[in-house]
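For reference, the structure is listed below as structure tokens.
Each value in this text was obtained by applying a stated rule to the coordinates, not by laboratory testing. What you see is a predicted model, and the numbers here were worked out from it, not measured in a lab. Note that each Cβ is placed from the backbone with ideal geometry, even for glycine, and that neighbours are counted across all protein chains shown.
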Amino acid sequence: MTAQMSQALRVTFGEVVSEIADGDPRIVMVDGDLGSSTRADIFEEAHGDRFFQMGIAEQNMLGVAAGMATVGLIPFVSTFACFAVARALDPVRVLVAQPNLSVKIMGGYAGLLAGMTGKTHLMFDDVSIMRAMPNMTVVAPADDVEARQALHAIVDRDGPAYMRVTRQGALRIFDEDYQFDIGRAVVVREGSDLTLISSGVQTTRVLGASEILAGQGIDAHVLHVPTIKPIDKEAIVDAAERTGFVITIEDHTIIGGLGGAVAETLAEHSPTPMRFHGIMDVYGESGPDEALLEKYRLSAGQVAAVVSEHLEARP
Amino acid sequence: MTAEVIERPDIAELEELARRARVAIVKAIANAEGGHLGGPLSATDMLTALYWRILNIRPDEPMWPDRDRFVLSKGHSSIALYAVMALRGYFPVAELDTFDAIDSRLQGHPDMTALPGIDISSGSLGLGFSGAVGIAMGAKAIGAEFTTYAMVGDGECNEGIVWEGAHVAKRYRLDNLIVVLDHNKLQQFGWRGESAQDRIPPYTGTELADRWKAFGWHVVEGDGHDIAAFLEVMESVQDADGPVAVVAHTVKGKGVSYMENVFQWHSKVPTAEELTIALTELGELPGDEAGGDGE
């Protein structure tokens, strides 16, 4: 573990997809007029002939990506999570997921930290929606090291994929030796008192919380789940059985996302007392990142407090 | 007449193939006890002309990489596509009996994962057209020479995604994309006219052509039931320097008198008596007023 800051994942996205395209002529980019935010502009600069501007028209953007995939191209879709998943859901479902086409959908600005935009742009149910679709791979990397590998991995895996790309980075938690594999969860902190399961950049804040908790004598086991679909059932069962009490923590609604996937897994394979923490079935609002993380209780300090509350309330 | 061995059918042979397709369509819907009729029957002559004379395809090699692509964006007319594909030799005509049945390749709406030769799944209106724009754009990106065709309904043009796609198709000057608009003047229910039975067309007069022109497309109008005239139009637009929209004027339910221009026949199953009348009118059964040449 290092204490360096991660590059913003959107920058990682722009750079890494451009690098992959250097050696892979199948890679193209379709953009919904947000390339300067999602950092698909990096790709436009590097591969202008393979950058397709679809304008402010997300449904057709997904349809075009699907059509391109049928002739052997691998389109990346550059837009915000809210527009990719909510506005363009029908073409995602009918033209991408059902035909199992290799379209790689980037959910930009996913989660709470969407740059002072407010509830229209804050997408908290993207993971719930996307993981419910057959054929769809859903990944949420924690830092730039993992995001880089995840981008390569979803190119190498045939079929549709959805990746959460946060606007900012947080701490870098993986070093260069880290190996990301689709469908594999990773223990990022060994502990014995309870199990925290997290995903995406939120894992960096959960690790911060676990240090605060350690100072209070609470030894948390932390499992990072970068692939929400397919979910790593074995790792989840192991992590749950290690402590006998699980709290899922996600920058996402508590309904049907990571928490849902963990609950489905444990209910079937190893019933374990669980609590769910994340966006508590509400819409968001605009505000500075730090204020949002405090109010919606996703900062390291707030997560530590939430965990303590659950431990105290536990019968 | 054995359709499968015809190399390049003439107009009379095409008309006979279209008649046989209509017979197959009506029988399949009656057999399945469900499906659509009005839209398939308005599209039948054009699909016959396209699959026998326009599209560069290999029915015995449906995934041939250099084939022209065809997207039936008005996916609810699937049975017409299946009937024409069967007659063209993609699969046995007898397979039409499985239309809409469990495990069938002939799904209610075309499924590219089920039936080779379906270039884009369709059914949610407007999406097939959008996919066709992507195929044409992708073809240019990979340097492929084939042409992409899409058939879009006039009611389907209510969908916003159609105009999203029309915008970028023009912007990227997709001269490898030809859209046939099945302008049959009815949609499933539409807007009320003088009475409950009288429905206002989705677009009247030149409105449909005007819209596509306004989006910068090369627009040609023609008759979607006059096969000779339709072929002339399709051949005339092959070298256009941008995306082409062929506004084909058609009659919903064409070929069966009691279905023509009656909006309820968008999706309705004929009774045994109605089926007899339809097959008689289509020349498949002998009758006092049968107009066809039978077999």
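Values for this structure:
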{"quantity": "Percent of C-alpha pairs per 10 Å bin, segment A:14-61, short to long", "calculated": "30, 55, 15"}
{"quantity": "Proximal lysine pairs, chain B, alpha carbons under 22 Å, eight or more residues apart or interchain", "calculated": "18"}
{"quantity": "Relative exposure of A:L95, B:L81, B:L87, judged by other C-beta atoms within 10 Å (fewest first)", "calculated": "B:L87, B:L81, A:L95"}
{"quantity": "Amide proton proximity set for B:G287, modelled H, under 5 Å, gap of 5+", "calculated": "none"}
{"quantity": "Table column - 3J(HN,Hα) (Hz), segment A:286-297, Karplus curve with 6.51, -1.76, 1.60, x for Gly and Pro", "calculated": "7, x, x, 3, 4, 5, 5, 5, 5, 4, 8, 6"}
{"quantity": "Cα centroid of segment B:194-221 to Cα centroid of segment A:242-307, whole Å", "calculated": "52 Å"}
{"quantity": "Inter-label distance for A:Q168 and B:R171, nm, one decimal - labels placed 7 Å from Cα along Cα-to-Cβ", "calculated": "3.2 nm"}
{"quantity": "Spin-label pair A:K295/B:A228, simplified geometry with 7 Å Cα→Cβ offset, distance in nm", "calculated": "7.3 nm"}
{"quantity": "Built amide H within the under 5 Å cut-off of A:V165, gap 5+", "calculated": "A:G107, A:G108, A:Y109, A:A110"}
{"quantity": "Efficiency of FRET between A:A214 and A:E309 - r from beta-carbon atoms, R0 22 angstrom, step 0.05", "calculated": "0.80"}
{"quantity": "Amide H contacts of B:G242 (H built 1.01 Å from N, under 5 Å, at least 5 apart or other chain)", "calculated": "none"}
{"quantity": "Karplus-derived HN-Hα couplings along segment B:124-135 (A = 6.51, B = -1.76, C = 1.60, θ = phi - 60°), whole Hz, x at Gly and Pro", "calculated": "7, 4, x, 5, x, 4, 4, x, 5, 4, x, 4"}
{"quantity": "Spin-label pair A:D22/A:S36, simplified geometry with 7 Å Cα→Cβ offset, distance in nm", "calculated": "2.7 nm"}
{"quantity": "Formal net charge of residues neighbouring B:D10 (Cβ-Cβ distance under 13 Å; K, R +1; D, E -1)", "calculated": "-2"}
{"quantity": "Rounded to whole Å, sorted largest first: equivalent-ellipsoid semi-axes of the protein assembly as shown, Cα gyration tensor", "calculated": "53, 25, 21"}
{"quantity": "Value in Å of the Kirkwood radius, where chain B supplies the Cα pairs that are averaged", "calculated": "19.1 Å"}
{"quantity": "For segment A:9-165: rounded, prolate or oblate by the Cα gyration tensor [a/c cutoff 1.5]", "calculated": "rounded"}
{"quantity": "P(r) histogram, all alpha-carbon pairs of segment A:186-313 included - 5 Å bins from 0, percent", "calculated": "2, 12, 23, 26, 20, 11, 5, 1, 0"}
{"quantity": "Between segment B:247-271 and segment B:73-135, the Cα center-to-center distance that results, in Å", "calculated": "20 Å"}
{"quantity": "Size of charge dipole - chain A - debye, nearest 20, with Cβ of Lys, Arg +1 and Asp, Glu -1, no other charges", "calculated": "620 debye"}
{"quantity": "Table column - 3J(HN,Hα) (Hz), segment A:105-115, Karplus curve with 6.51, -1.76, 1.60, x for Gly and Pro", "calculated": "9, 9, x, x, 6, 5, x, 6, 9, 10, x"}
{"quantity": "Stokes-Einstein D for segment B:226-288, Kirkwood Rh over Cα pairs, 25 °C, 0.890 mPa s (µm²/s)", "calculated": "170 µm²/s"}
{"quantity": "Burial ranking of peptide ranges A:101-112, B:245-256, A:36-47 (average Cβ count within 10 Å, highest at the top)", "calculated": "A:101-112, B:245-256, A:36-47"}
{"quantity": "Cα-based radius of gyration of chain A once divided by 2.2 N^0.38 Å, which approximates compact folds", "calculated": "0.95"}
{"quantity": "Förster radius 51 Å - calculated FRET efficiency between B:T276 and A:E285, Cβ distance, rounded to 0.05", "calculated": "0.20"}
